[in-house]
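Here is the structure we will look at, set down as structure tokens.
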Amino acid sequence: MDMYYMEMALQLASRALGRTSPNPMVGAVLVRDGKVVGQGYHARAGAPHAEIMALKDAGDKAKRATLYVTLEPCCHFGRTGPCTEAVIAAGVKRVVVATTDPNPLVAGKGVKRLREAGLEVLSGILEDESLHLNEVFNKYITTKLPFVVAKAAMSLDGKIATRTGDSQWITGNKSLEQAHHLRDRYDSILVGIGTVLSDNPSLTTRLPGKEGRDPVRIILDSYARTPPQCKMLTQNSSAATYIIVSKHAQRESLKRLEAAGAHIVILNNDSDGIDVGELLRWLGEHQISSILVEGGSSIHGSFFARGIVDKVAWFVAPKILGGREAPGPVGGKGVEVLGNAVLLDRMQVSMCGWDMLIEGYIKKS
């Protein structure tokens, strides 16, 4: 039964997918005498925590109940008060936790406080599922760096465009829809200037029958070549567009882009262009906890070369393009020997119409 109610709490938590950054997704269920008497989830940063929502839903029925919560209750003051004290005050007798909070401000202290107050606490129920749900938060809170997902769409023979540059669309409508679900999930989306000049993308979230959330748009553009009239700067979107340039960018170009609504960030260059390691540090400092890297080829090459990709989402269409000059999804120098190849772990393969979606995590050495 503990697993049953924890699964319910995890489902509640997932309702806020992509909406709680830089906070975790958390769900809570209160059960007394075999009946659910309260439930809630954390909807967004600054909103009441899941435990508080569940306690409010239960009212007096929370007394002597068991609380199932997907993350260890907090015991510190942040935007809201400590959940441990609210749980204790409500008379809850037992707390079941999926996993402890990796936040150094909590990290076992919440469980300790509950036990000191005389509550029975059980931890580790559906822990793997909880860790997976909050993979973005878990990295960000411990490293202050965003979670990086590399996304690509390619043919069966590994091409992202023909030799003439024709790339729209390699994959089908189901893959495109799934790609927009990814945009809705992550804080930001990144492309290089080559993609801007060749495709003029919107980088918005467009989901059928659902109002998606546009991610923050990021363009890597060392020399500020982005056209001020491009879609990302002229479309109707509440999300900001950041153009990352180097010190070599012309001042007049920067002024035109700022006048068009772009936010200019000047970072250092390395041998591959903008220093993407410095970019990640900048994003982390500005509480952008996740980034979807959509390419193109040279951009993916830079991220993989630096070893800063956490996860891949690779769409593969049942098409063969051929051609030595047709680009692949990952540019740059690549590895020299097979022993240095980037390996994937915990892979999942699913179908998107006729296409395949291959997802996996970068195996860390």
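The values are calculated or read from the model by the stated rules, or taken from the named source; none is laboratory data. In this text, all values refer to a predicted model and were calculated from it rather than measured experimentally. Accessible surface areas use protein heavy atoms only, side chains included; no ligands, DNA or RNA. Shrake-Rupley method; radii C 1.70, N 1.55, O 1.52, S 1.80 Å.
Tabulated results
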quantity	calculated
Helix-only [θ]222 nm of the chain, DSSP H runs n ≥ 4, -39500 (n - 2.57) each, per residue, nearest 500	-8000 deg cm²/dmol
Percent of alpha-carbon pairs separated by more than 17 Å within region 13-57	30 percent
Integer Hz, Karplus 6.51/-1.76/1.60 couplings in order for region 320-332, x for Gly and Pro	10, 9, x, x, 5, 8, 6, x, x, x, 10, x, x
Portion, in percent, of the accessible area of region 166-266 that falls on carbon or sulfur, probe 1.4 Å	45 percent
Apportionment of accessible area to carbon and sulfur, region 72-132, percent (1.4 Å)	53 percent
Euclidean distance of C-alpha centroids, region 206-281 and region 133-161, integer Å	19 Å
The chain, relative contact order in percent, only Cα pairs under 8 angstrom and at least six apart counted	16 percent
DSSP beta bridges in the chain [antiparallel fraction, %, rounded to 5]	40 percent
For region 177-203 versus region 12-32, the gap between their alpha-carbon centres in whole angstrom	26 Å
Mean separation of Cα contacts under 8 Å, 6 or more apart, over the residue count of region 60-116: relative contact order %	44 percent
Apportionment of accessible area to carbon and sulfur, region 273-365, percent (1.4 Å)	54 percent
Solvent exposure of the chain as accessible area per residue, Å², 1.4 Å probe	50 Å²
